[in-house]
C-alpha cells in the first residue's frame with residue numbers, strides 16, 4: 001500500500017510536496033496553500049524499467065522513462081533524470097495504482113485514478129490512424 005513519507009524535502013519556490021511510496025509505486029503530489037493537488041508524478045515499474053506519468057493542472061500530461069543514472073562504465077552513479085520515450089500502458093499503470101491506493105486520502109486517490117484514465121484515453125486517440133476523409137491536405 002502507498003504510505004506517506006513523514007518528512008519530505010521541499011524545494012524553495014515550488015508548491016509543497018507530499019510523497020507516498022510502496023514497493024511497486026512512488027507518488028509525488030504537489031499541493032497548493034489550501035492542500036489541493038496541482039500536480040503529481042506517478043512512478044511505476046520501479047527498478048530497471050521505471051516509468052513516470054506526470055500531470056500538472058489544469059491538463060498537462062507527460063510520460064517518461066526514468067534513467068536511474070546506473071550503467072555508466074567506470075563512473076559513479078549519476079542523478080536520475082526523466083527521458084522522453086515509451087508509450088504509456090494505461091491499463092497496467094491503472095491496475096498497479098488500484099492495487100496500492102487503499103490508504104491514500106480519498107480525494108487524492110480519485111484524482112489520480114481519473115487522470116490516469118484521461119491520459120490513457122488521450123494516448124489511445126493519438127495512436128489511432130486518422131479516419132478517412134479527415135486528413136488535411
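Read-outs throughout are calculated quantities, based only on the coordinates presented, and are distinct from any laboratory measurement. Note that this is a predicted model, so its numbers are computed, not measured. Positions of Cβ are backbone-derived with ideal geometry, glycine not excepted, and every protein chain shown enters the neighbour counts.
Annotations
- Extents of the stretch 1-53, largest first, come to 34, 20, 18 Å (Cα atoms, principal axes, whole angstrom).
- Segment residue 110-residue 123, length gained on full extension (0.36 nm per residue, minus Cα span): 2.7 nm
- With neighbour counts taken as other beta-carbon atoms within 10 Å, the residues 132, 115, 3 rank, fewest first, as 132, 3, 115.
- Simple label model, 7 Å out from Cα along Cβ direction - residue 7 to residue 22, nm: 2.6
- Order of 18, 122 under a 10 Å beta carbon neighbour criterion, fewest first: 122, 18
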